[in-house]
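Working notes, beginning with the structure itself.
Values in this text are rule-based calculations from the coordinates and carry no lab data. Note that the structure is predicted; figures quoted are calculated from it, not measured. So basically every Cβ, Gly included, is an ideal-geometry build from the backbone, and we count neighbours across all protein chains shown.
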Amino acid sequence: MGIKSFQGARRVSQDTDETPIQVKDYMTTNLITFKPEQSVEAVIETLINNKISGGPVVNDQNELVGIISEGDCIKQISDSRYYNMPMAHRTIEQCMVKDVETISGNMNVFDAANKFLDAKRRRFPIVEDGKLVGQISQKDILKAALKLKGQNWK
């Protein structure tokens, strides 16, 4: 008599290469972008009308030069009131975040989730060959998690 195994049947694990779990599989590519010379007021209108909290700022060559957020705009409103200076002539180039952290489209979405937690950001742009190609948001990560539930998250 041979040795009997008391292990049950094993599930055949899915090949992770077939399962779309990279940032590029869930990133948004149809982005609302801003130009550095736009006014803060124009950005506020765009944010409100499109129900977004911020977005990438690109130059004419579609190169990422910054990020503008609701918080950046609110700071400008507050400063304009404090210094009694109208906001009308302020451009977003003066108030956008210029040192922008990006992530790779090839990053695993769960590694990206950890990056969101560590960096305390709401969005990360994805740049390839110096050009903006997409953006991943916290909401995109949540969508990916729902789509991938029940699978091995490696």
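Per-residue Cβ neighbour counts within 10 Å put Ile77, Ile21, Ile44 in the sequence Ile77, Ile44, Ile21, beginning with the fewest. The HN-Hα couplings worked out from phi for the range 51-59 by the Karplus form 6.51 cos²θ - 1.76 cosθ + 1.60 (θ = phi - 60°) are 6, 10, 9, x, x, x, 10, 10, 8 Hz, whole numbers, x standing for Gly and Pro.
Considering only the other residues whose Cβ falls under 11 Å of the Cβ of Ile103, what net charge follows from Lys and Arg at +1 and Asp and Glu at -1? If you can, show how the numbers build up before the last one.
Numbers: positive: Lys24, Lys115, Arg121, Arg123; negative: Glu101, Asp111.
In short, +2.
In order along the range 24-29, the phi-based Karplus estimate (6.51 cos²θ - 1.76 cosθ + 1.60, θ = phi - 60°) of 3J(HN,Hα) comes to 4, 6, 10, 6, 8, 10 Hz; Gly and Pro are listed as x.
Close amide H contacts of Gly66 (hydrogens built in the peptide plane, cut-off under 5 Å, sequence separation of 5 or more or a different chain): Val57.
Between Val133 and Ile126, Val127, Glu128, the built amide H atoms are under 5 Å apart, and every one of these is 5 or more places off in sequence or on another chain. Prolate is the label for the range 23-148, because the ratio a/c of its alpha-carbon gyration tensor axes (a ≥ b ≥ c) is 1.5 or higher and a/b is greater than b/c. Remark: the range 63-69, residue by residue, has Karplus-estimated 3J(HN,Hα) of 8, 5, 10, x, 9, 10, 10 Hz, where x stands for each Gly or Pro and the curve is 6.51 cos²θ - 1.76 cosθ + 1.60 at θ = phi - 60°. Here the residues Val58, Val97, ranked from fewest to most Cβ neighbours within 10 Å of their Cβ, fall in the order Val97, Val58. DSSP bridge analysis restricted to the range 23-148 gives an antiparallel fraction near 95%, rounded to the nearest 5.
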